[in-house]
1. So which aspartates and glutamates can residue 82 reach, going by Cα to Cα under 12 Å and dropping same-chain residues fewer than 8 places off?
2. Taking Cα pairs under 8 Å and at least six residues apart, what relative contact order does region 101-232 come out at, in percent?
3. Taking all protein chains as present, what is the carbon and sulfur share of the accessible area of region 116-208, in % to the nearest whole number, probe 1.4 Å?
4. Would you kindly calculate the mean projected area, averaged across all directions, of the convex hull enclosing the Cα atoms of region 38-107, in square nanometres?
5. Which is the longest part of the chain that has none of the GluC sites (Glu not before Pro) sitting in a DSSP loop with at most 16 other Cβ atoms within 10 Å?
6. Residues with beta-carbon under 9 Å from that of residue 61, excluding residue 61: net charge, scoring Lys, Arg +1 and Asp, Glu -1?
7. Based on the alpha-carbon gyration tensor of region 51-145, what equivalent-ellipsoid semi-axes (square roots of 5 times the eigenvalues) come out, in whole Å, largest first?
8. Once you charge only the Cβ atoms, +1 for Lys and Arg and -1 for Asp and Glu, what is the size of the charge dipole of the chain about its Cα centre, to the nearest 20 debye?
Amino acid sequence: MKSAFNRSILALTTILAMAATGPVAAQDKGLKKYESGNKEFWTHPPDDWFLGDETEAQKGLAPPSGPPTGSSDAELAALIKKIKLPEGFKIDVYASGVLAARQMAWGDKGTLFVGSFGLGNVYAIKDNGGKKEVKTILKGLNPPMPTGIAFKDGALYVINVNKLIRYDNAEDNLDKLGDGKVVYDDMPSYAAHGWKYLAADKDGWFYIPFGPPFNIGIPPTSVSQIRRVDPKTGNAEIVALGVRNSVGGDVDPRTGKYWFTENARDWISDDMPSDKLNMVSKLGEHFGYPYCHQGDTPDDKFAMGHKCSEFTPPVLNLGAHVAPLGMKFYTGDQFPPEYKNSILIAEHGSWNRHKYQGARIVRVTADPDGKNAKETVFASGWIEGDQGYLGRPDDIILDKDGSILVADDWAGAIYRISYKK
């Protein structure tokens with residue numbers, strides 16, 4: 001018999017799979033309202049928990065879903081012709097058939113590992129004489145949300161909502177990884193916003209975000225935070241609080257500080273509040289959720305007397321509902337010199353907005369202390385019209401030659417963006 005947690009995950013992925021390519025109407029005529037401030041909701045969320053704070057102005061919006069089999073090679077060939085890049089840059093399809101692709105990680109021997117959203121799959125992509133072979137090396141993981149992965153000391157790490165698993169000698173055992181070893185499981189099994197992302201620091205500890213199991217509310221004390229976890233010992237510390245939904249982050253090569261993207265709450269309006277780019281400058285900082293949004297907007301219900309000045313403001317507001325996910329500091333040498341230490345952010349794109357925005361890659365430059373942050377669009381064209389996705393970028397990784405790879409869970413593809421003078 002499936003657990004309530006598994007049922008909620010499966011129900012969520014089924015709803016997303018059934019959604020159309022534009023905003024999806026809620027089934028009930030009335031506005032969706034749920035009381036999320038209790039354990040019963042967290043452990044047994046309704047199938048459509050993400051609709052629970054629906055407003056009249058935005059009624060009928062729900063997450064869309066891409067083609068279940070991804071985009072064909074012909075569709076991808078047509079798509080990349082529509083992507084706009086700065087002069088000198090070029091985009092190619094690195095690999096197709098990587099369904100629901102999420103976070104990427106390089107193995108020591110050149111294997112590209114890729115997690116997935118909602119399928120329970122982890123992939124390995126090998127370069128066989130210029131032809132990319134996509135192999136599903138883990139399937140049927142339970143829960144089916146292995147979105148976050150990392151590779152360190154010959155081992156593949158997969159984080160799957162409520163456990164961090166290590167697979168030793170992964171590149172030599174792609175056909176028989178086995179069950180792996182759970183190295184950290186002090187995590188709640190909440191389905192909603194339970195998918196995670198991994199970023200390693202110089203000591204080999206992983207930064208892991210924990211999202212709250214609803215849109216807005218007073219969260220359980222085990223979530224709305226970022227932890228730093230030692231996979232060798234299982235020791236962990238909380239490094240940031242007041243974080244809503246982060247599915248991307250990286251360590252600044254200049255300072256060693258952790259920066260992360262954050263998706264703001266839904267159901268205020270098309271243009272409020274802004275998603276954010278944040279930086280952790282000291283242990284235990286609070287970034288505002290659920291009291292304050294975008295650094296300057298108290299929540300109508302949950303501010304509860306708190307002022308935004310009590311919390312750490314964002315380095316940069318990125319825009320409403322752009323859904324920033326994976327991000328990387330550019331440390332390569334192929335791109336022009338001014339790109340060095342810039343942050344490249346994959347924006348997944350809107351759903352709680354009548355006219356979609358995001359679905360692009362933006363470049364952010366900022367001082368090491370987070371000051372003087374500026375944003376420019378680096379790659380765009382994955383939205384056609386107001387509500388038609390051709391793809392949804394969600395992670396970025398540096399290739400050894402200084403190009404970047406971009407994961408797209410909508411198209412089920414990995415792109416390569418390169419530069420030539």
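The values are calculated or read from the model by the stated rules, or taken from the named source; none is laboratory data. Since this is a predicted model, take the numbers as computed values, not measurements. FYI the Cβ positions are ideal-geometry reconstructions off the backbone, even for glycines, and counts take in every protein chain you see. Note: accessible area is taken over every heavy atom of the protein model, side chains too, but ligands, DNA and RNA are not part of it. Shrake-Rupley method; radii C 1.70, N 1.55, O 1.52, S 1.80 Å.
1. Result set, ordered by chain and number: 92, 384.
2. Values: 310 pairs, mean separation 21.6, N = 132.
The normalised contact order for region 101-232 reaches 16 percent.
3. On the way: 1470 of 3760 Å².
Solvent-exposed carbon and sulfur of region 116-208 make up 39 percent of the total.
4. Working: hull surface 38.4 nm².
Seen from a random direction, the Cα hull of region 38-107 projects 9.6 nm² on average.
5. On the way: sites that count: 35, 56, 87.
It runs 88-421.
6. Residues close to residue 61 contribute a combined charge of 0.
7. Each semi-axis is √(5λ); the values are 29, 22, 12 Å.
8. Dipole magnitude for the chain comes out near 480 debye.
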